[in-house]
Amino acid sequence: NSSALGIRGEGSDVLTDIPADLHPQNWQTFKPNGEPFKPEELPLSRAIFEGVTSKNVEAIIRRPNGEERYVLANASPVRDDNGEIVAGIVVFPDITELKRAEQELLQEKSFTDAVINSLPGIFYVYEDAERLIKWNKTVETITGYTPEEIQHRHPLSWFDDDKRESIGAQLKNT
């Protein structure tokens, strides 16, 4: 349809009524890691040839001008009354703006993490009374706990009796 062609940015003559093995090349379809999809890996191909229903398969469609559009492909086989696969259908909404916002948040998070880790003292944040969501490297250094252990421990438990003296001494030096 015109929306699908709009995502690719090219006319239907190159993109429709083509053999399955030309879909990745003509549609310029890539995995999130940049690797091209093989024809048999595409959700629509899997629906038609294997009867597989695919949900939310992230893909990149590259336009002729090099711009990349992110989509979530959802595909399913279409069967006749005898259960035989006669076609396939794929729906792939354009999620490019969502991916760009996600990338901006990740960049912002990296900056925030760098600032937090440059703080000389202990820094931590709880989302609620039970869930530790952010802490700096000083917490790990002073307590000796790994990030996995810290994430599941309440700050009051960082100071167990056997560690209180050494942690207290280290805290005075930070």
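Using the Karplus relation 6.51 cos²θ - 1.76 cosθ + 1.60 with θ = phi - 60°, the per-residue 3J(HN,Hα) values for segment 12-23 come to 5, 4, 8, 10, 10, 6, 10, x, 4, 5, 9, 4 Hz, with x marking Gly and Pro. Each principal axis of the Cα atoms in segment 66-110 has its own extent, and those three values, largest first, are 54, 24, 11 angstrom. The angle between the Cα long axis of helix 161-172 and the longest principal axis of the Cα atoms of the chain comes to about 90 degrees, rounded to the nearest 10.
Could you sort GLU58, GLU35 by accessible area so the largest value comes first, with the probe set to 1.4 Å?
Working: GLU58 55, GLU35 80 Å².
Descending order: GLU35, GLU58.
For GLU10, the solvent-accessible surface computed with a 1.4 Å probe is close to 60 Å², ligands and nucleic acids excluded. Modelled spin-label separation between GLN151 and SER3, with each label point placed 7 Å from Cα along the Cα-to-Cβ direction: 3.6 nm. The modelled label-to-label distance between ASP21 and LEU106, using points 7 Å beyond Cα along the C-beta direction, is 3.5 nm. Helix 96-118 versus the longest principal axis of the chain: what is the Cα-based angle in degrees, 0 to 90, to the nearest 10? The two axes meet at around 20 degrees. Rounded to 0.05, the FRET efficiency of the ILE89 and ASN65 pair, given R0 = 30 Å and the Cβ-Cβ distance, is 0.60.
Accessible area per residue was computed with a 1.4 Å probe on protein heavy atoms; VAL14 scores about 50 Å².
Here the scattering of the chain is modelled by Debye summation over its C-alpha atoms, one equal scatterer each and no solvent; at q = 0.10, 0.15 Å⁻¹ the log10 of I(q)/I(0) is -0.62, -0.84.
Considering only protein heavy atoms and a 1.4 Å probe, what is the carbon-and-sulfur percentage of the accessible area of the chain?
Percent of accessible area from carbon and sulfur atoms in the chain: 52.
For n ≥ 4 DSSP H runs only, could you compute -39500 (n - 2.57) per run for the chain, divide by its residues and tell me the 222 nm figure to the nearest 500? Could you put the intermediate results ahead of the total?
Working: 8 runs with 71 residues, N = 174.
It comes out at -11500 deg cm²/dmol, rounded to the nearest 500.
Counting Lys and Arg as +1 and Asp and Glu as -1 over every other residue whose Cβ lies under 12 Å from the Cβ of SER3, the net charge comes to +1. Once the 1.4 Å probe is applied to the protein heavy atoms, the chain comes out at 64 Å² accessible per residue.
The values are calculated or read from the model by the stated rules, or taken from the named source; none is laboratory data. Keep in mind the model is a prediction, meaning the values are calculated, not measured. Please note: Cβ atoms are built from the backbone with ideal geometry, for glycine as well, and neighbour counts cover all protein chains shown. With ligands, DNA and RNA removed, areas are computed over all heavy atoms of the protein, side chains included. Shrake-Rupley method; radii C 1.70, N 1.55, O 1.52, S 1.80 Å.
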